[in-house]
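Let me begin by presenting the structure, written as structure tokens, before commenting on it.
The values are calculated or read from the model by the stated rules, or taken from the named source; none is laboratory data. Keep in mind that this is a model prediction, so the values were computed, not measured. Quick reminder, even Gly has a Cβ in these numbers, built from the backbone with ideal geometry, and neighbours come from all protein chains shown.
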Amino acid sequence: MKYVIMFTSTPELDAAVPPERAQEVYGRIYEWFGTHADKIDDSGAELHPVTTATTVRSGDDGPVVVDGPFSEAKEVIGGFSVIDVPDLDAAIAMVKTWPSLELPGVSVEIRPMVVDYSQFEQ
């Protein structure tokens with residue numbers, strides 16, 4: 001089953017991590033991707049900081065373009081990947097080993113992917 005895993009963090013807490021510690025964890029992230037390469041179904045992507053975001057949203061007179069993310073959440077998505085594993089338990093087991101989970105404010109959201117669009121046909 002395919003899942004999208006989204007790596008989130010809290011920018012204020014990220015900024016408080018000593019640079020040496022952040023670099024050490026980042027090195028283990030590369031190892032994590034290598035260890036799980038057989039389950040990763042895409043190359044994934046690390047995203048630029050949320051301060052570079054642009055959002056298009058609905059406005060009274062049609063779509064409106066605004067700087068920044070649409071969400072008012074404190075957490076931001078820093079990257080994502082698609083994994084292909086037998087089930088949610090396998091996805092959870094894999095994600096529990098994400099090195100950045102040792103840092104405050106970090107989480108990984110797991111969502112099943114829609115791969116069969118026939119359910120939406122009428």
Can you tell me which condition Asp84 does not meet? The list is (1) touching a helix residue (DSSP H, G or I) at 6+ places or on another chain (Cβ under 8 Å); (2) at pLDDT 90 or above, and all the others hold.
(1)
Residue satisfying condition, being under 21 Å from Ile110 (Cβ atoms) and touching a Ser or Thr at 6+ places or on another chain (Cβ under 9 Å), within set Asp84, Asp89, Asp41:
Asp41
When residues of the range 1-42 are limited to those that are in contact with a strand residue (DSSP E or B) (Cβ under 6 Å, 6 or more places away or on another chain) and polar (S, T, N, Q), the one farthest from Met113 (Cα to Cα):
Ser9
Of all the strands (runs of 3 or more DSSP E) wholly in the range 32-122, which have at least 3 residues that are more than 16 Å from the chain's Cα centre (by Cα)?
54-59, 62-67
Anything in the range 33-52 that is farther than 13 Å from Gly79 by Cα and either in contact with an Asp or Glu (Cβ under 8 Å, 6 or more places away or on another chain) or surrounded by 15 or more Cβ atoms within 10 Å (Cβ to Cβ) (or both)? List them, or say none.
His36, Lys39, Ile40, Asp41
